[in-house]
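Asks: The structure under discussion is supplied below as structure tokens; questions concerning it will follow.
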Amino acid sequence: MAGSIFSPLGSCSELEKANCHPLVCLLCHEPYQHPCLLDCYHNFCASCLRGRASDGRLRCPLCGHPSVVRGGTGLPPVDRLLQFLVDSSADSEEDVQCANCDRCCTKAELDTMYFCNTCGQPLCAPCREETHRARMFARHEIVSLSKRTKDIHKKCPLHEEPYIMFSTEKKSMLCINCFRDMQGESRAHCIDIETAYMQGCQRLDQAVMAVKELQTSTREAIVLLKAMIEEVRNSASEEEAAINSLFSRMQEQLSERKKTLLKAVQSQHEEKEKAFKEQLAHLASLLPTLQVHLVTCSAFLSSANKAEFLDLGYQLMERLQRIVKLPHRLRPAQTSKINSEYRAEFARCLEPLLMLSPRRSVVGSAGGIGPGITGTNMLPSGQCSKTLMVPSCLPTSDKMSSGPMVKKPTMHRYISTKVLLAEGHETPFAEHCRNYENTYRMLQAEIQGLKDQVQELHRDLTKHHSLIKSEIMSEILQKSLQMDVQIAAHYSAVEMMRSVFEEVWEETYQRVANEQEIYEAQLHDLLQLRQENSCLSTITKQIAPYVRSIAKVKERLEPR
């Protein structure tokens, strides 16, 4: 039933509209009928909550918090306070008739009506002045109609005696008989009705102040969260734009490098193929020569006698030796592997894009986190990039005179400081931010006071044309000079902390840089081992045919 009613509210104004009347149920949108209070302090009508309990628990239709219900009704206890307000509101809407003159008063005249608690009758203003001013009515208790005392609150329901005391221990009113029946220790906690009322009002004021402080803190938290949501939205948009831009540039660089690499591969292919074909042609022309001489040797051995062998045999042996000693390119002059180093080339072309550019400090960037470090200078794992820009230190006078140098809005700084302090990390910088905020608020309040005085003087001069004492102007100028000295001193104190924080930032940067360098070296070593292993595999594959060929020749020659 409450699914469409309690949809998420988009703003505080919508939330206030949804809860505009405190005496109207948020489920049925009608005045409360027997309002029940849940453990989460949300109220609903008893009829709206009936049948919702399960296993002794009732889940709040608004926030979903479970409440324990006891008894057979399956309902939480009735909220007596809210029921009193509902009954009071209903009584105020009834037509009121003066008991003396029978005059009926409209709703607009209810504020002028009175009620005599002694007589138990309402009175209009004229009758109160004319009739209840007599001496016989001097002891009558006359109050405004809205503060009339009901019968249920006038007398004790047990003894039918008027209430005279209040027990601070039991938080209940007592008649004279109730007071007599109490033990001596409990009587020490009893006070009269008027004193109890005054003390109760004071305690209620304290409770209201605590609730108001919580309300103020809640509104500040809402403003902070809304600002952070807006920052998240802007940061996401900027990050998406940066990703798209970087991706487009990477695509362009990769496309250009791809064309270059393909041309290099084609060039290596043509060059190697030409060299292999020339070597193949040489070996192809050598093979018939060798075959002819082998056949010649075989025929010469079979046909020549000893004299002919001794006459021509040495000549044949010298020829065969010269043929063997000729420079023959039997082994490939180069490998068949075409290596364009495309991984390194692609990484090299992306290196200028992936290397982060020097970051600006807080003074020069609105999106910075600290001097030399910005939000975009952080890696996904929270580490800083290798590039760290440490801003140069200007003299204090130059910095104070350069007005528009600080571009980061005060509200943005305030929100960022709130987030930093909310994280709970007790660091020197967090302690510095906490002290800075206290001093800044004090200086800001004094400056605001001077602004108000100057505006008042300006208004008197322009509108009222009244005479202004010159002492006031002198006081304002003197305070302004004092404030300038205080601000300059505070600025110098903050500036002196720069070296301390820069040491911490530099230390963090050096540690991160060393870790990154070690990590990159580990990857490089693994890639180098992989390349060496690849070269060994290639060489082994290339010499394998020659090893097998030599082994076969050796097998044939061994019997001889």
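The values are calculated or read from the model by the stated rules, or taken from the named source; none is laboratory data. Given the structure is predicted, the values throughout are model-derived calculations rather than measurements. Positions of Cβ are generated from backbone atoms using ideal geometry, with glycine treated the same way; all protein chains shown enter the neighbour counts. Heavy atoms of the whole protein, side chains included, go into the accessibility calculation; ligands, DNA and RNA do not. Shrake-Rupley method; radii C 1.70, N 1.55, O 1.52, S 1.80 Å.
Asks: In the stretch 44-51, is there at least one residue being surrounded by 17 or more Cβ atoms within 10 Å (Cβ to Cβ) and touching a helix residue (DSSP H, G or I) at 6+ places or on another chain (Cβ under 9 Å)?
Replies: no
Asks: In the stretch 295-316, how many are part of a helix (DSSP H, G or I) and touching a helix residue (DSSP H, G or I) at 6+ places or on another chain (Cβ under 9 Å)?
Replies: Here the count works out to 9.
Asks: Every residue in the stretch 186-207 that is open to solvent by less than 50 Å² (accessible area, probe 1.4 Å) and closer than 12 Å to SER172 by Cβ, please.
Replies: SER186, CYS190, ALA196
Asks: Say whether the condition of being farther than 30 Å from VAL96 by Cβ and modelled with pLDDT of 80 or more is met by at least one residue in the stretch 137-158.
Replies: Yes, that holds for at least one residue.
Asks: Hey, among CYS349, CYS297, which residue is open to solvent by less than 100 Å² (accessible area, probe 1.4 Å), in contact (Cβ under 8 Å) with a residue 12 or more places away in the chain and within 60 Å of the chain's Cα centre (by Cα)?
Replies: The conditions single out CYS349.
Asks: Of everything in the stretch 325-346, what is open to solvent by less than 100 Å² (accessible area, probe 1.4 Å) and farther than 24 Å from GLU270 by Cβ? Give them in sequence order.
Replies: LEU326, HIS328
Asks: So how many residues does the stretch 304-323 have that are in contact with a Gly (Cβ under 8 Å, 6 or more places away or on another chain) and either among the aromatic types (Phe, Trp, Tyr) or not assigned by the TED database to the domain that holds LEU294 (or both)?
Replies: Matching residues across the stretch 304-323 total 0.
Yes or no, residue by residue, for (1) farther than 30 Å from GLU341 by Cα; (2) open to solvent by 80 Å² or more (accessible area, probe 1.4 Å); (3) within 60 Å of the chain's Cα centre (by Cα); (4) not polar (S, T, N, Q):
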residue	(1), (2), (3), (4)
LYS259	no, yes, yes, yes
LYS263	no, yes, yes, yes
GLU270	no, yes, yes, yes
PHE276	no, no, no, yes
GLN279	no, no, no, no
LEU287	yes, yes, no, yes
LEU301	yes, yes, no, yes
ASP311	yes, yes, no, yes
